[in-house]
Every structure is written in C-alpha cells, then in structure tokens.
Amino acid sequence: MRHIFFFAVLFLSASYASAQLWTENFDDENNGDQSGTAVGTVGGTWDVDVDPSGTFAVQDDLFVINNTVTEGTWSSDVIDISSVGYAVIDIRYGSAGLGFSASDYIRFYYRIDGGPEILFANIQGDVWDIDEAQASAIVAGNTLEVIIKAEDNSTFFIFAGRMWIADVTITPADILYSRKSGTWTDVTGGFGGTGTWSTNRSGTPACGCVPLNDIVAVVQNGHTVTLPTSQTAVGGSGTPNLAPGAVDIESGGVLQYNTNGVTLGIQQGLFRVRNGGIVNSSSGAITGEQISFQANVGGAT
C-alpha cells in the first residue's frame, strides 16, 4: 500500500504540550460496533454513515475494512477546536494480505467549520501488503470533522487482504512565533538568546530552535522572516526533517526569499497568508523560489 510517512524527528530544545482533544483507539468498543465514544479534553462520538457489505466495523480493537464490495464511510462528530487555533489530525492505519488492487483504498478527509470535505491522504491498494503507517494533517478553524471512506475487494483464499484503522487522534498543534525580523534559521544564543523564534506570542524568551515537522510557524505583524536556505524534507535514517508542518503569515508579516532556488516544504498541508500578509523575494533578480507541499494533500489552504 502506497503511503506517506511523516517523520517525527525531534530537533528542538523546547518541549511542547500535546494534550489529546479527541481520540478513539477502538479498545473500549465491542466487536461489530459501528459507533462509539471518543475520549479527550473535548471528546465526542463517531459512527458509520454509509454501511457497505462485508466488514466495516470494530474487530479486535481495530476498525476493520474487509470485502466491502462498495464504499463505506466512517465519520467523527463535530469537534470543537476553537480553543487551540491549529489542530493536528493523526490517523494510524494498516493493511495485510494478498489480492489488493488499485480499486481498494482508504481516503482521509477533514471538514472545517461545516465546509466541504478536504482530501488529505489517499491510500491505494497493492497486490501484497503488510503495512502500518500514519496519515496526518494540520488544520485551522473553529470546528473539525474527520471522514474516512474505504473500499476493499481483495480475494485470495485464506490470505485475502484486509485494511484497518488503529486509532484517530486530534491534538493541539505546536506553534512557534516570530519574535523579530531575521532569518528562518537564526538560533543565536540558544534558549533565551536572540534567535528568530519563540514558543510565546510575546516573543520572550527565544526558544533557540526552528520550526520543524508538525509545528506551525507564525510570522507576526511587523516581522520579515527570510529564507536563505531550503527548508525541505531530507531522506536518510536519522536525518532531521527541515520542513515545518505549516506556515501562517499574519497581517503585516512578511516571508521573504533572498537566495536563488530556495524551497519551503510544507509537511502537513497548511500554508496561510492572511489579508495584509506578504510572500515575496528580496530582489527581482531572485529566481527559482518555490513552495512544495510534501504530503499527499489535495486541500492545502
């Protein structure tokens, strides 16, 4: 099964809270259940909106998709995320068996503030799969719904494939705020120094870190943050992921390229320029700048 991994490489000296707003791991549900109750500081419920043939229900602490013939739909209730501003969706899923094809899939969507369904990961079947992976996205808004649509027609005697959802978790996103005009990579003096980023909107103290992985980078009013080097995903075991999870440029904030060929990689689908925010280059001679959405996101903001 083809998928996207989001590597959680720790490259920060700061420590962030990650209280769960809404989570369901199916451990407390019974076999055959097609609805359940999520826990967390917000919590809520989920249910099956479209029930296909075969298995589309809880089995052995997983939500299992097996021999459905047609598409089934799982959805959360409306989740209040207004208290956190930005939220991270993490869905752990898997597959095992033989006989998968491109007609077998799991598709992950979110809906913000009652708007349209936005696709953020699309997993197609392969002939042979033994896999577990994670689909993730960062979203911003007041309310959130998570929708999962899936279909499985794999058949291969006793080894016929099945797919499953292991857990669905919504947590507040970690945020770094610009605290001055400066370069994206400035960590001068470490924690409490004079670097560009802080975990506090007030800008005090500097965190001595840069926005990576699943972190939202917020460029605040009056600050120009420049990109002298590419901030992108880097392959290889143990190599830091240099791309932020999301970027939000507030009114009066500027994100500026000042070197040829620089790429800003967005890992989890959110790049927002608010009214009065600016993205530009420091000179008309700068060429080759780009923003690269590195996740399988069809609905980047």
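The values are calculated or read from the model by the stated rules, or taken from the named source; none is laboratory data. Not measured: the values here are computed from a predicted model. Note that each Cβ is placed from the backbone with ideal geometry, even for glycine, and that neighbours are counted across all protein chains shown. The protein model used for the area step is the full one, side chains on, heavy atoms only, and it has no ligands, DNA or RNA in it. Shrake-Rupley method; radii C 1.70, N 1.55, O 1.52, S 1.80 Å.
Numbers at a glance
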quantity: All positions within segment 159-181 that are within 20 Å of LEU255 (Cβ to Cβ) and open to solvent by 20 Å² or more (accessible area, probe 1.4 Å); calculated: ASP174, ILE175, TYR177, ARG179, LYS180, SER181
quantity: Considering residues of segment 203-219 that are touching a residue at least 24 places away in the same chain (Cβ under 8 Å), open to solvent by 20 Å² or more (accessible area, probe 1.4 Å) and touching a strand residue (DSSP E or B) at 6+ places or on another chain (Cβ under 8 Å) only, the residue farthest from ILE170 (Cα to Cα); calculated: THR204
quantity: Segment 112-146: number of residues that are in a loop (DSSP other than H, G, I, E, B) and modelled with pLDDT under 90; calculated: 3
quantity: Subset of segment 53-70 (residues that are at pLDDT 95 or above and more than 30 Å from ALA19 (Cβ to Cβ)); calculated: PHE56
quantity: Those residues of segment 183-200 which are open to solvent by less than 20 Å² (accessible area, probe 1.4 Å) and either modelled with pLDDT of 95 or more or among the aromatic types (Phe, Trp, Tyr) (or both), in sequence order; calculated: TRP184, GLY195, THR196, TRP197, SER198
quantity: Subset of segment 245-288 that is without any contact (Cβ under 8 Å) to a residue 40 or more places away in the chain, closer than 15 Å to VAL225 by Cβ and part of a loop (DSSP other than H, G, I, E, B) - its residue that is most open to solvent (accessible area, probe 1.4 Å); calculated: ARG274
quantity: From the options THR68, THR37, THR23, THR45, residue that is of a type outside the set (A, V, I, L, M) and not in a strand (DSSP E or B); calculated: THR68
quantity: Qualifying residue in segment 224-241 (condition: under 15 Å from the mean Cα position of the chain (by Cα), in a strand (DSSP E or B) and at pLDDT below 90); calculated: no
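A quick yes/no check of all residues on (1) of a type outside the set (A, V, I, L, M); (2) crowded, with 17+ Cβ neighbours inside 10 Å; (3) under 18 Å from the mean Cα position of the chain (by Cα):
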{"residue": "GLY32", "(1), (2), (3)": "yes, no, no"}
{"residue": "ASP47", "(1), (2), (3)": "yes, no, no"}
{"residue": "SER53", "(1), (2), (3)": "yes, no, no"}
{"residue": "ASN66", "(1), (2), (3)": "yes, yes, no"}
{"residue": "ILE81", "(1), (2), (3)": "no, yes, yes"}
